[in-house]
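Down below is the structure, laid out as structure tokens.
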Amino acid sequence: MTANGGKGANQATATAKLVKNNYKCLFLGQVGNDDEMRSLEKEMKDAGVALNWRVQKDVGTGKAFIYVHK
């Protein structure tokens, strides 16, 4: 399973969905110029988050890998 975002992006997306008719939710950050950024951008904009990102041309968006083993 994969999911977009991290703590801040997930909180901004949830907040924007809750307050979309009354307030504006703004997310500031820095991302890479890659497919992960475009996917996250679409998801957050669809939720109503206003994005103010600095896009780095020659780097990838940060990633975290979490494994759960039983």
Report the Rg/Rh value for segment 11-67, based on alpha-carbon coordinates and the Kirkwood definition of Rh.
1.02
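Can you figure out the FRET efficiency of I66 with D46, using R₀ = 25 Å and their beta-carbon distance, to the nearest 0.05?
FRET efficiency, I66 to D46: 0.55.
On average, how much accessible surface per residue is there in the chain, in Å², for a 1.4 Å probe, leaving out ligands, DNA and RNA? Walk me through the numbers before you get to the answer.
Working: 5820 Å² over 70 residues.
With the other protein chains kept in place, the chain gives 83 Å² per residue.
Where the accessible area of the chain is counted over protein heavy atoms with a 1.4 Å probe, how much of it, in %, is carbon and sulfur?
Values: 2970 of 5820 Å².
Whole-percent figure for carbon plus sulfur exposure: 51.
The values are calculated or read from the model by the stated rules, or taken from the named source; none is laboratory data. Everything numeric in this text was worked out from a predicted model, so none of it was measured. Glycine gets a Cβ as well: all are built from the backbone with ideal geometry, and neighbour counts include every protein chain shown. Remember, those area values only see protein heavy atoms, side chains included, never the ligands or the DNA or RNA. Shrake-Rupley method; radii C 1.70, N 1.55, O 1.52, S 1.80 Å.
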